[in-house]
Amino acid sequence: MSIALRLAACGLLAWLAWRQLGATGLAVTAPAFGIALAWPLIELAGALRDAMKRSHLRDVEGCHYAFRGRRMQVIEDADRRRWVRLADVRAVVGFTASDGALAISYPDGVRRIGRPAEPHVGAEALLAHLLKERSPEAARLRLWVERQVVFPARRERDRLGVRAPAEGRDASE
């Protein structure tokens, strides 16, 4: 039974008691309000909490990535290509190359995405770039990018039959 129907029934009961017993009738019917409305109000509070949580987490639902406890922003475009925010990569690996150098080395692999626009590197280009880095943290990140970002994106593109343009090739090749 809905809250409105229960409230209406309790209101009718309280009105009848007030008409028969006066103010004492209202005191007698007060427990009926508690019994009839307690559980539906608790369920309503839980449903509101779940709705607020869903609306708050809607932007990251199904696309949360974390490397060793650090959140990594990964965005998927219409061609099912994934883009990793450069600031997150630099926070893990350190400064490896400037945005301009990466854009020259990987012309199709660097974009400014979002509001405000931030530099993102394509997952394939990031993988190719991390192969050149020699630090142990870069090797760990490369393995993570391969397993968590690149391979799942490739599988999804293959499954859907989406042909993405080649990305991640070094311009010197």
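To the nearest 10 square angstrom, how much accessible area does His64 have with a 1.4 angstrom probe?
Surface accessible to solvent at His64 totals approximately 110 Å².
With n ≥ 4 as the cut-off for DSSP H runs, can you work out [θ] at 222 nm for the chain, using -39500 (n - 2.57) per run divided by the number of residues, rounded to the nearest 500?
Computed mean residue ellipticity for the chain: -18500 deg cm²/dmol.
Between Rg and the Kirkwood Rh of region 69-113, both from Cα atoms, what is the Rg to Rh ratio?
Expressed as Rg/Rh, it is 0.97.
Once volume of the Cα convex hull per residue in Å³ is worked out from the coordinates, which option in (i) 171; (ii) 180; (iii) 109 does it equal?
Computing volume of the Cα convex hull per residue in Å³ and matching it to (i) 171; (ii) 180; (iii) 109 gives (ii).
Give a quick list of GluC sites (Glu not before Pro) in region 6-90 that DSSP marks as loop, anything other than H, G, I, E or B, with at most 15 other Cβ atoms within 10 Å.
Within region 6-90, the qualifying GluC sites (Glu not before Pro) (loop, at most 15 other Cβ atoms within 10 Å) are Glu61.
With no solvent and one point on each alpha carbon, what is the Debye value of log10 I(q)/I(0) for region 88-146 at q = 0.13, 0.27, 0.30 Å⁻¹?
For region 88-146, the Cα-only Debye profile gives -0.31, -1.24, -1.40.
Given 0.36 nm per residue, what is the gain on full extension from Ala139 to Arg155 after removing their alpha carbon distance, in nm?
3.5 nm
Nearest 5 is fine: what % of DSSP beta bridges in the chain come out antiparallel, could you say?
100
Taking the chain as a Gaussian network, Cα atoms linked when under 10 Å apart, which of Leu127, Leu21, Leu160 shows the biggest mean-square fluctuation?
Leu21
How much of the accessible area of region 17-94, in percent, comes from carbon and sulfur atoms when a 1.4 Å probe is used?
Result for region 17-94: 59 percent of the exposed heavy-atom area is carbon or sulfur.
The values are calculated or read from the model by the stated rules, or taken from the named source; none is laboratory data. In this text the structure is predicted, and so the values were computed from the model without any measurement. Using ideal geometry, Cβ is built from the backbone for each residue, glycine included, and neighbour counts are taken over all protein chains shown. Heads up: the accessible areas ignore ligands, DNA and RNA and are worked out on the full protein's heavy atoms, side chains in. Shrake-Rupley method; radii C 1.70, N 1.55, O 1.52, S 1.80 Å.
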